[in-house]
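The values are calculated or read from the model by the stated rules, or taken from the named source; none is laboratory data. Since the model is a prediction, treat every value here as computed from it, not as a measurement. We place every Cβ from the backbone using ideal geometry, glycine too, and count neighbours over all the protein chains shown.
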Amino acid sequence: MASFFDRFRNLITKNAQQTAQEYNKAIYNWLGESIVWNPENDTTYINEGYRKNATVYSLVNIIAKAASSIPFQVYEKVNDNDYKRYKAMNSGTLDSSVMHKADYLKKKALVELYDTDLHKLLERPNPAQSYASWITELIAFGKLTGNRYIYGIAPETGNGAGKYKELYVMPSQLIEIVSGGIMQPVKEYQIEYNGQYKIPADQICHIKDFNPYFDGSGSHLYGQSPLRAGLRSMTTNNEAVQTGVKYLQNQTARGVLMSDEGDLNEMQAQQLKDKFRKNFQGSDNAGDVIITPKKLSWVNFGLNASDLSLIEQYNASIKDLCNIYNVPVTLLNNTESSTFNNVKEAKKALYQNCVIPELNKIADELNRWLAPKYGDKLCIEFDYSAIPELQEETEKVVDQMAKAWWLTPNEKRSAMSFGTDEENEILNEYYIPANLIPASGNDIDIEDPQPALQETEEKKNPISNIEVKESIETKDTYGDYPQSATNNAKRVKNWIDEHGRNEVDGMTSIGLARMNQLIDREKLSLKTLKRTFSFLSRTKGGGYNKINPDYRDTPWRDKGYVAFLGWGGQSMLTYAEKKLNQLDE
């Protein structure tokens, strides 16, 4: 049982799904504390659609299976503006170039997390389902009824209070919205199945499709099923198949051959039939001309399948249903256009026009309802770079990357999904072809017309040449960082000396090199200063500038905190930020 404090907190906390009272007064004619009736007959869409119609069954399964193969990731947001740009880019038409740009924005906006509670929940939403079966069920209900209901179950007490431990997809055709009146249009959800069961609104994530039907009774709170618009096409498809079945079951003789010169007795009729079969049936008589000595007439019994236009109506209804679900008809074994290239492009269109928009909608709602329970800055995103159909041929990508000298080797590795090599810092350098020169020509070597004179001057002033060389080498270096940054690095070094690298496991080889630079008070180049600022900013954004409470007594075991201190800590971050701002001015 929830405590009095929990009930009071739930009472005064505004549910994320509740709308403003002023808006409710404008939209609803009357809304009492009762069930909001759904004008859609979702049971019909399931029974007459998915369970009876082969086309609808195929379309829903194509979409759900394609979506279930795309992995999800959990990130921490560190730059909201870049995150918005990343989301906008992921919402359009995706190709390899767009995906590379989106990946670049993602690295600036998000930090990927591993093995969080949110990972564990989504990988096994409940004891009876894996992630793949769970997301398949969620998408299938949405494509059939226009509504998706996720039921989250969390412990009421203890350390995990409020954090969902199990997620279930509810049968959307059985869910009803219960209103609490004009002040609370969505009070709870009710399922009418083997009795009546009510669920508080904040425990249900309702993901609905757009519904333009507003009648003042709250019916717009339910999503509109795609099959609502395609109901006639689905009915036509069902009737075409049913009529074809009846035609095959009830087919009989094509017609009656009758004599116009008098009645034939039963024996004469049989002789005429046998003679006709013997002399005029078979492949040898195809297209032959029949001549009879008597005048005969023909009475047709009915229409054949082509006369009924069953095939044309059936094919037309299939195309309509494909258009409703944004699935290329080629993927339904349409032999008219099923070449290899057409199928490949059709699969790409399936992801771009149907699967990705569906997953984006689900991710947005999960980031509204689920992710905040596990951290204010956490978000769930799907990794579309894992879709084979959106990848270009390897040879083409390699050729593009080889010519892209403006990218570092690590950026090229990332673009080709090999990941960055953090062990070799040299892979973060730019490699410019030797045959390229700046437009200004400042770096063009011009032969000195007086080499002998120059050599003489160098011999006369060897000391001044050394001073010039030193001034060039130290032009963009900075060694006036605070002593506290050095002390932070020394603190990590002492931990490593005392406890060993196996226990102090928070520093990469690059991090150790940076730590030693700070300890030795080496001057840092501008490039190193920028990298130091970037690393410390990301680390602080992840909350690693503070000791994890679990490691309060053994801070050297906190990998994030060790890395933050090893790079100079907060004092180094403040210094680098100030110095870079001065350079920008």
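Taking the criterion of being part of a loop (DSSP other than H, G, I, E, B) and farther than 21 Å from Pro482 by Cα, the residues of the range 538-585 that qualify are Gly542, Gly543, Ile547, Asn548, Arg552, Asp553, Thr554, Asp558, Glu585. Put simply, of Lys101, Lys52, Lys65 the only residue that is in a loop (DSSP other than H, G, I, E, B) and either at pLDDT 75 or above or at negative phi (or both) is Lys52.
If a residue must be of a type in the set (S, T, N, Q), crowded, with 18+ Cβ neighbours inside 10 Å and in contact with an Asp or Glu (Cβ under 8 Å, 6 or more places away or on another chain), how many such residues does the range 120-156 contain? Looking only at that region, the number is 2. With respect to Leu257, is the statement that it is touching a strand residue (DSSP E or B) at 6+ places or on another chain (Cβ under 8 Å), more than 30 Å from Gly142 (Cβ to Cβ) and at pLDDT 75 or above true? Against the criterion (touching a strand residue (DSSP E or B) at 6+ places or on another chain (Cβ under 8 Å), more than 30 Å from Gly142 (Cβ to Cβ) and at pLDDT 75 or above), Leu257 does not qualify. For the residues Lys348, Lys403, the requirement of being under 16 Å from the mean Cα position of the chain (by Cα), farther than 30 Å from Leu167 by Cβ and at pLDDT 80 or above singles out Lys348. With respect to (1) modelled with pLDDT of 80 or more; (2) out of contact with any strand residue (DSSP E or B) (no Cβ under 6 Å at 6 or more places or on another chain), the lone exception for Gln73 is condition (2).
Assess whether Gly162 counts as being of a type outside the set (Ser, Thr, Tyr), out of contact with any helix residue (DSSP H, G or I) (no Cβ under 8 Å at 6 or more places or on another chain) and either buried (at least 16 other Cβ atoms within 10 Å of the Cβ) or not in a helix (DSSP H, G or I) (or both). Answer is no for this residue. Contact map, the range 252-266: first residue closer than 16 Å to Thr292 by Cα, second residue at pLDDT 70 or above and surrounded by 11 or more Cβ atoms within 10 Å (Cβ to Cβ), Cβ cut-off under 6 Å, separation 6 or more or different chains; pairs are Leu257/Leu296; Ser259/Leu296.
A search for C-beta distances below 6 Å between a residue of the range 49-61 that is without any contact (Cβ under 8 Å) to a residue 60 or more places away in the chain and any residue that is outside any loop (DSSP other than H, G, I, E, B) and not polar (S, T, N, Q), counting only pairs 6+ apart in sequence or on different chains, returns Tyr57/Tyr50. Checked against (1) out of contact with any Leu (no Cβ under 8 Å at 6 or more places or on another chain); (2) assigned to a helix (DSSP H, G or I); (3) surrounded by fewer than 15 Cβ atoms within 10 Å (Cβ to Cβ); (4) of a type outside the set (Gly, Ala, Ser), Ile510 passes all but condition (3).
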